[in-house]
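The values are calculated or read from the model by the stated rules, or taken from the named source; none is laboratory data. Just so we're clear, the structure is a prediction, and the values are computed from it rather than from any experiment. Here the Cβ is made from the backbone with ideal geometry for all residues, glycine too, and neighbour counts use every protein chain on show.
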Amino acid sequence: MSAQSDWRPREVRPGGEGTGADGLRHALAALGDFGDVLTEAKVVVFRDFQVAEQELDTVMDLLLPNRLAYTHGTSPRTKVAAGNVYTSTEYPSEQTIAMHNELSYSHTWPARLLFYCATTPGSGGATPVVDGELWLESLDEEVRDAFAGGIRYSQNLHDGFGLGRSWKQTFETDDRAVVEAFLDAGSFDWKWTADGGLRMVSPVRPAWIKHPATGTEVWFNQADHFHPAALGDDVARELAQILAPEELPQSVTFADGGPIPDAYVRHVYDRGLELAVDVDWRQGDLMVIDNVAVGHGRRPYTGDRRVLVAMSD
């Protein structure tokens, strides 16, 4: 069945139950099984409940059954609280973060993400969300066919000094044995380098997968995020002058090792953002997304936007 181009997130607002964490808990009880609600809606936004940050833990306990650490993450984040709560991203405010499914390049990923607005941005700063089925269907046939065989991700993680994230930041540990166990579980090809860094290459990953509950095929990869073309022409050129492709902090190829054309990457990048629905933020709002069914990103903003995120299996 074709995806509906008019899809929108479901919004839940306070009724007679009031606002705050208590009001949201009452609203959740009225919804019934939240797992079923999320599978059907794909994204649920809890709007105008004015949940205070100090109440967030009690709400997350209901919405995220098992909060996960950001293991193997590539985005710069800071853990801000116990229970695996992080800043949503720390890229400069003027940058657009393209659509993606969290940790789709790894062998394990969260099923749900929860976003919470602690500080309303001065302007902009929406979190766009895109239906993964629609994203896949929107791609030109030539591009889909090229990605059908899957892709392979590569990462070079330094030991503390260098471009990108260190392996200690990426895996939230300084214990090599913990990292090695994770990589072996994911069938990575990896080695420690002479300077203390880590070189890792993933097995072939699919470009799209079937949703575990609905069976719907959805675009599910981060090829554009790992590809220099998504960084912009100037940045890509500068990196290419400094480093060989195999030395970049992160890179991606087709399954056979062949290069992915820049035009394909820009096509995927552009279609995701064009089809996305923006979720604007007000302090105290929450959003839960099905991380397989939809991709998410971030629009540029001004002011002191502060959005927190937690993840769950």
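Here are some notes:
- Contacts under 8 angstrom Cβ, first residue in the stretch 15-28 being assigned by TED's automatic domain parsing to the domain that holds residue 49, partner of a type in the set (S, T, N, Q) and assigned to a loop (DSSP other than H, G, I, E, B), 6 or more apart: 19/50; 20/50
- Matching residues in the stretch 54-75 - criterion: being of a type outside the set (D, E, K, R), touching a residue at least 12 places away in the same chain (Cβ under 8 Å) and either on the phi > 0 side of the Ramachandran plot or not in a loop (DSSP other than H, G, I, E, B) (or both): 56, 58, 59, 60, 62, 63, 72
- Inside the stretch 163-182, residues that are basic (Lys, Arg) and free of Cβ contacts under 8 Å to residues at least 40 places away in the same chain make up a count of 2.
- Residues that are buried (at least 23 other Cβ atoms within 10 Å of the Cβ), aromatic (Phe, Trp, Tyr) and within 14 Å of the chain's Cα centre (by Cα), drawn from the stretch 102-136: 105
- For the stretch 275-292, the condition of being without any contact (Cβ under 8 Å) to a residue 40 or more places away in the chain, within 19 Å of residue 98 (Cα to Cα) and out of contact with any Ser or Thr (no Cβ under 9 Å at 6 or more places or on another chain) holds for none of the residues.
- In the stretch 144-196, the residues that are closer than 28 Å to residue 217 by Cβ, surrounded by 15 or more Cβ atoms within 10 Å (Cβ to Cβ) and out of contact with any Phe, Trp or Tyr (no Cβ under 7 Å at 6 or more places or on another chain): 144, 147, 150, 152, 154, 155, 186, 188
- Residues in the stretch 36-92 that are of a type in the set (Gly, Ala, Ser) and surrounded by fewer than 15 Cβ atoms within 10 Å (Cβ to Cβ): 52, 69, 81, 82, 83.
- Against the conditions (1) farther than 25 Å from residue 218 by Cβ; (2) more than 19 Å from the chain's Cα centre (by Cα), residue 46 satisfies every one except (1).
- For the stretch 31-76, the set of residues classified as aliphatic (A, V, I, L, M) and touching a Gly at 6+ places or on another chain (Cβ under 8 Å) consists of 51, 52, 60, listed by residue number.
- Residue match in the stretch 106-122 (condition: part of a strand (DSSP E or B), touching a helix residue (DSSP H, G or I) at 6+ places or on another chain (Cβ under 9 Å) and hydrophobic (A, V, I, L, M, F, W, C)): yes
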